[in-house]
């Protein structure tokens, strides 16, 4: 099955700064890469996803980039706000095994 | 978006008893359902994947005889923790995914079930 690694495990930024979280995967056949946000005590929510036929996708302050050759994809959050503080998980393909998660803290 | 419900939201049971958790897709047909376990401040650990009408596929290290999964219909999957012990105490989350033409589709998570075994 797919093996997904996620870095960093924790990330602290100042409000307004950008945050980047990276994931690598092992199965070159993977073609779907979602990112989920989980706030404390709540269920994970999809925030953005990308399929293998594109290299980048953007939705307001959130973007995801995909490098299929290197088998890694990244989540970019610009102009971070305190409400962006949460745990973020990446996953790859149908297996839906998640990375270890990144705890993002945005300091006001 | 699609809605997935989970019941109960929390349960306390005595060691040795069995507990059943239900996961329902309320407004779409879930061809695949996933069951996860999450310990505090840790990631979602995939336990098993089930497709409607077929046996669940369990992840390595997950005891299929202890964690019984049934996916009898396109809107309901159940996880039964048999002979529960304190180490089974955890947060269990299900997710459901419908069929999307051309590739994998988004999965929708239930609110989770907090299981405490005393």
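The values are calculated or read from the model by the stated rules, or taken from the named source; none is laboratory data. From a predicted model like this one, the values you see are computed outputs, not experimental measurements. Cβ placement follows ideal geometry from the backbone for every residue including glycine, while neighbour counts extend to all protein chains displayed.
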Residue B:34: at negative phi, more than 11 Å from chain A (Cβ to nearest Cβ) and either in contact (Cβ under 8 Å) with a residue 12 or more places away in the chain or touching a strand residue (DSSP E or B) at 6+ places or on another chain (Cβ under 7 Å) (or both), yes or no? no
Among the residues of the stretch A:63-99, which ones are in a loop (DSSP other than H, G, I, E, B) and more than 18 Å from residue A:32 (Cα to Cα)? A:78, A:79, A:80, A:81, A:85
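Return yes or no: is residue A:103 surrounded by fewer than 20 Cβ atoms within 10 Å (Cβ to Cβ), facing chain B (nearest Cβ under 10 Å) and at pLDDT 95 or above?
Values: surrounded by fewer than 20 Cβ atoms within 10 Å (Cβ to Cβ): yes; facing chain B (nearest Cβ under 10 Å): yes; at pLDDT 95 or above: yes.
Taking the combined requirement at face value, the residue satisfies it.
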Residues satisfying the stated conditions in the stretch B:4-42, i.e. modelled with pLDDT of 90 or more and not in a strand (DSSP E or B): B:8, B:9, B:14, B:15, B:16, B:17, B:18, B:26
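Give the stretch A:20-40 a look and list any residue that's more than 9 Å from chain B (Cβ to nearest Cβ) and more than 19 Å from residue A:67 (Cα to Cα), or say none. Even if it seems obvious, please write down each step before you answer.
Start the filter on the stretch A:20-40 by keeping residues that are more than 9 Å from chain B (Cβ to nearest Cβ), which leaves A:20-30, A:33, A:35, A:37, A:39-40.
A:37, A:39, A:40 - these are the residues of the stretch A:20-40 that are more than 9 Å from chain B (Cβ to nearest Cβ) and more than 19 Å from residue A:67 (Cα to Cα).
Quick one: would you say residue B:28 is surrounded by fewer than 22 Cβ atoms within 10 Å (Cβ to Cβ), more than 17 Å from residue A:93 (Cα to Cα) and in contact with a strand residue (DSSP E or B) (Cβ under 7 Å, 6 or more places away or on another chain)? It would help to see each step written out before you state the result.
On the way: surrounded by fewer than 22 Cβ atoms within 10 Å (Cβ to Cβ): yes; more than 17 Å from residue A:93 (Cα to Cα): yes; in contact with a strand residue (DSSP E or B) (Cβ under 7 Å, 6 or more places away or on another chain): no.
No; evaluated as a whole, the condition is false for this residue.
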Say whether the condition of being in contact with a strand residue (DSSP E or B) (Cβ under 8 Å, 6 or more places away or on another chain), under 23 Å from residue B:41 (Cα atoms), surrounded by 15 or more Cβ atoms within 10 Å (Cβ to Cβ) and facing chain B (nearest Cβ under 10 Å) is met by at least one residue in the stretch A:67-88. yes
I'm trying to understand the selection: among the residues of the stretch B:81-93, which are surrounded by fewer than 19 Cβ atoms within 10 Å (Cβ to Cβ) and more than 13 Å from residue B:16 (Cα to Cα)? B:91
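Which one of A:43, A:103, A:97 is free of Cβ contacts under 8 Å to residues at least 24 places away in the same chain and either closer than 28 Å to residue B:35 by Cα or in contact with a helix residue (DSSP H, G or I) (Cβ under 6 Å, 6 or more places away or on another chain) (or both)?
Details: A:103 fails: free of Cβ contacts under 8 Å to residues at least 24 places away in the same chain; A:97 fails: free of Cβ contacts under 8 Å to residues at least 24 places away in the same chain.
Sole residue among the options that is free of Cβ contacts under 8 Å to residues at least 24 places away in the same chain and either closer than 28 Å to residue B:35 by Cα or in contact with a helix residue (DSSP H, G or I) (Cβ under 6 Å, 6 or more places away or on another chain) (or both): A:43.
Residues that are within 12 Å of another protein chain (Cβ to nearest Cβ): list the strands (runs of 3 or more DSSP E) wholly contained in the stretch B:43-118 that include at least 2 such residues. Please lay out each step first, then the result.
Working: elements: B:44-51, B:67-73, B:76-81, B:90-97, B:107-109, B:113-117.
Once the strands (runs of 3 or more DSSP E) in the stretch B:43-118 are filtered for at least 2 residues that are within 12 Å of another protein chain (Cβ to nearest Cβ), what remains is B:44-51, B:90-97, B:107-109, B:113-117.
Sort out which residues of the stretch A:22-36 are assigned to a strand (DSSP E or B) and buried (at least 20 other Cβ atoms within 10 Å of the Cβ), and write them in order of number.
First pass over the stretch A:22-36, keeping only residues assigned to a strand (DSSP E or B): A:22-25, A:32-36.
Result: A:23, A:25, A:33, A:34, A:35, A:36.
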